[in-house]
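Have a look at the structure below, then the notes.
The values are calculated or read from the model by the stated rules, or taken from the named source; none is laboratory data. Quantities reported herein were computed from a predicted structural model and do not represent experimental measurements. Here the Cβ positions follow ideal geometry from the backbone for every residue, glycine too, while neighbour counts run over all protein chains shown. Quick note on the areas: whole protein, heavy atoms, side chains included, nothing else; ligands and nucleic acids left out. Shrake-Rupley method; radii C 1.70, N 1.55, O 1.52, S 1.80 Å.
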Amino acid sequence: MDEKGVKGFYDEVKPDDVNSILEKASEKKLPRGELKKAIPIKKERTDSMRTMSKAYVPRILRKGDIIPVTVVKLESDGVMVNAGGKEDYFIPLKNLTNKRISSPKEITRVGDKIDVYVMKTKDAKGGAVLSKRKADYVKEWERLSDAYKEGRRIKVKATKATKGGLLVDINGVVGFLPQSHVDLKKVTDLKPFVGKELEVKVLEINPPIQRVIVSRREVMREEQERERKEFLLNIKKGQILNGVVRTIKDFGVFVDIGHGIDGLVRLNELTWGRRKLPREVVRKGEEVRVKVLGVNLDTGKLTLSLRQTKPYPWDVVEEKFPVGSIVEGTVIRIHPFGAVVELDEGITGLVHISQLDTKRVNKVEDVVKLGDRIKVKVLAINKDKRKM
């Protein structure tokens, strides 16, 4: 057949109609090869063949990639995994985990999907070298970076005490916990922490040089602050609390009531009686009971009273110092007409000059002086006017 005859052969043929092609071929004989080309292959068959061939195309492994694989077989010294192609790969125990294990059954089973790191695409035997341990290590650094950015807490295990702190294990990553960040208070002996699981926050991280520094103190501070706020919210005005005197100033006393909260007892709330220097009333480290006068949730400060934990003295004066009783007191003031004697906190009475002695007294100082301890007899009480 000449070129001219072949050129116009398909002009009158419907490409999708096989019968049309056969009819045309009966009029003009075509070479067998051209007749085969003229009959199109069904699309369904093409798609099926493509799907089948795709299943048998092996995954292209690249060094440094982390890829998902399926555990297909457990062996005594490792596991066989499949990456999606015909070929299976062997992972020895040492590349499965950083933990000491005697059998792969301790960490995986057939059918598990795991991520592995491609160490080599070909070893001496021509197979790829894969490592779940390395993949876990790389992913752990990513997790640590996220925890650092988000300020999240992580759990670590203290493995060794060194100069200046503790070495900690973070799922295979070695971190450092400085001694100053082990606790809120100073720690001199680190050995009791070795082997313990600790909750920490990441202070610093630098993956390229494999440096990660953590802090337990920051976690404890957060917990202390949470407890402090919660405690403050539950404190009510008028509540009686136990505390310890922490600081003594000229203007008052700071009392620690726990949870990192200090309250101030001002001078006028120390005693019911005359004002005294704070050091005359309490001493540092003394346990005291205080009454809450006010709570400032914005500043976290409390105003407290020491004297209001005791009964108002003049309410019980008649029971404590009945008329006719002989009691002892301290001379605190001297007037031309007599001496003022303090019998108890907030309770004072006047000894008139005429009652100082059995004989006539011209000057009070001739009989008593400031600070003298003297015995007196209660002659009369006016509770309403607070006079005795």
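Points to keep in mind about this one:
- Between the amide H of Leu166 and those of Leu177, Gln179, distances stay under 5 Å, these residues lying 5 or more places away or on another chain, with hydrogens modeled in the peptide plane.
- Estimated translational diffusion coefficient (Stokes-Einstein, Kirkwood radius over Cα pairs, 37 °C, 0.692 mPa s) of the stretch 146-303: 177 µm² per second.
- Shown in residue order for the stretch 190-204 are the 3J(HN,Hα) couplings computed by the Karplus curve 6.51 cos²θ - 1.76 cosθ + 1.60 at θ = phi - 60°: 8, 4, x, 8, 5, x, 8, 8, 10, 9, 9, 10, 7, 8, 8 Hz (x for Gly and Pro).
- Since only Val341, Leu370, Ser354 are under comparison, the one whose Cα sits farthest along the positive direction of the charge dipole of the stretch 293-388, derived from C-beta charges on Lys, Arg, Asp and Glu, is Ser354.
- Relative contact order of the stretch 147-295: 18 percent, from C-alpha pairs under 8 Å at least 6 residues apart in sequence.
- Charge context of Glu222, other residues only, Cβ under 9 angstrom, K/R +1, D/E -1: +1
- Rg to Rh quotient for the stretch 123-230, alpha carbon positions, Kirkwood Rh: 1.09
- P(r), alpha carbons of the stretch 268-329 - 5 Å bins starting at zero, rounded %: 4, 13, 17, 20, 17, 13, 8, 3, 2, 1, 0
- Distance between the C-alpha centres of the stretch 154-221 and the stretch 301-353: 59 Å, rounded to the whole angstrom.
- Sequence-distant residues sharing a close amide H with Lys73 (under 5 Å, placed H): Met80
- When peptides 165-178, 352-365 are ranked by their average number of other Cβ atoms within 10 Å per residue, the highest-first order is 165-178, 352-365.
- Calculated diffusion of the stretch 107-151, Stokes-Einstein form, Kirkwood radius summed over Cα pairs, 10 °C and 1.306 mPa s, µm²/s: 128 µm²/s
- Relative frequency of Cα-Cα separations exceeding 26 Å in the stretch 255-379, percent: 39 percent
- The 1.4 Å probe gives accessible areas that order Ser215, Ser103, largest first, as Ser103, Ser215.
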